[in-house]
Amino acid sequence: VLGHHYTRTFLEAAVASMNAGCNLEVSYGLRRNVFMHIPQALDTGNITLQMLRDRVRPLFYTRMRLGEFDPPAMNPYSALDMSAVQTPEHQNLSLEAAVKSFVLLKNVRGTLPLRAQDLLGKRLAV
């Protein structure tokens with residue numbers, strides 16, 4: 001995040017992310033991640049507890065719908081072991097899904113790369 005030079009600190013990045021509506025950081029395996037600074041952002045008043053609740057609610061709603069909090073006996077997938085997950089057939093299907101979902105943006109009139117100063121006061125959907 002800091003490599004993009006949008007913010008100077010992880011705290012600033014956490015606040016900017018939350019204000020932009022982000023509710024998930026994919027940081028598995030990273031020792032330092034931005035969202036670990038959310039408690040500090042709360043303590044300093046940069047974000048509100050209500051904002052945090054609003055961002056977290058859809059994540060937990062999805063996890064509940066997926067049955068993550070159900071007893072294992074209610075989850076038909078809990079009986080599967082890793083041999084059923086990492087089969088060559090599943091890996092091929094995963095690769096096919098990744099290839100078919102790729103999107104290439106056409107750089108009409110040199111629009112890309114996007115610059116933060118050009119987007120002030122504008123909304124962008126990708």
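Scanning segment 6-56 for residues that are surrounded by 13 or more Cβ atoms within 10 Å (Cβ to Cβ) and either touching a strand residue (DSSP E or B) at 6+ places or on another chain (Cβ under 7 Å) or charged (D, E, K, R) (or both) turns up GLU12, GLU25, ASP54, ARG55. GLY3 meets the conditions (1) free of Cβ contacts under 8 Å to residues at least 24 places away in the same chain; (2) of a type in the set (Gly, Ala, Ser); (3) surrounded by fewer than 11 Cβ atoms within 10 Å (Cβ to Cβ); (4) in a loop (DSSP other than H, G, I, E, B) in every case but one. The failed one is (4). Among the helices (runs of 4 or more DSSP H) confined to segment 42-126, the ones with at least 3 residues that are of a type in the set (A, V, I, L, M) and within 18 Å of the chain's Cα centre (by Cα) are located at 49-65. Cβ-Cβ distances below 6 Å connect the following pairs, each with a first residue in segment 75-97 that is free of Cβ contacts under 8 Å to residues at least 12 places away in the same chain, a second residue that is of a type outside the set (S, T, N, Q), and a separation of six or more residues or different chains: ASN75/GLY67; SER78/PRO72.
Only one entry in PRO72, PRO76, PRO88 is in contact with a Ser or Thr (Cβ under 8 Å, 6 or more places away or on another chain) and loosely packed, with under 10 Cβ neighbours inside 10 Å, namely PRO72.
Taking segment 7-22 as the range and being of a type outside the set (D, E, K, R) and under 10 Å from ASN46 (Cβ atoms) as the test, the residues that pass are LEU11, ALA14, VAL15, ALA16, MET18, ASN19.
The single condition from (1) within 16 Å of CYS22 (Cβ to Cβ); (2) open to solvent by 70 Å² or more (accessible area, probe 1.4 Å); (3) of a type in the set (A, V, I, L, M) that LEU59 fails is (2). Look at ALA97 and say whether it is modelled with pLDDT of 85 or more and touching a helix residue (DSSP H, G or I) at 6+ places or on another chain (Cβ under 9 Å). For ALA97, the condition - modelled with pLDDT of 85 or more and touching a helix residue (DSSP H, G or I) at 6+ places or on another chain (Cβ under 9 Å) - is not met.
The values are calculated or read from the model by the stated rules, or taken from the named source; none is laboratory data. Bear in mind that the values here come from a model prediction, so they are computed numbers and not experimental data. Positions of Cβ are generated from backbone atoms using ideal geometry, with glycine treated the same way; all protein chains shown enter the neighbour counts. To get the accessible areas, we keep the full protein, side chains included, count just its heavy atoms, and leave off ligands, DNA and RNA. Shrake-Rupley method; radii C 1.70, N 1.55, O 1.52, S 1.80 Å.
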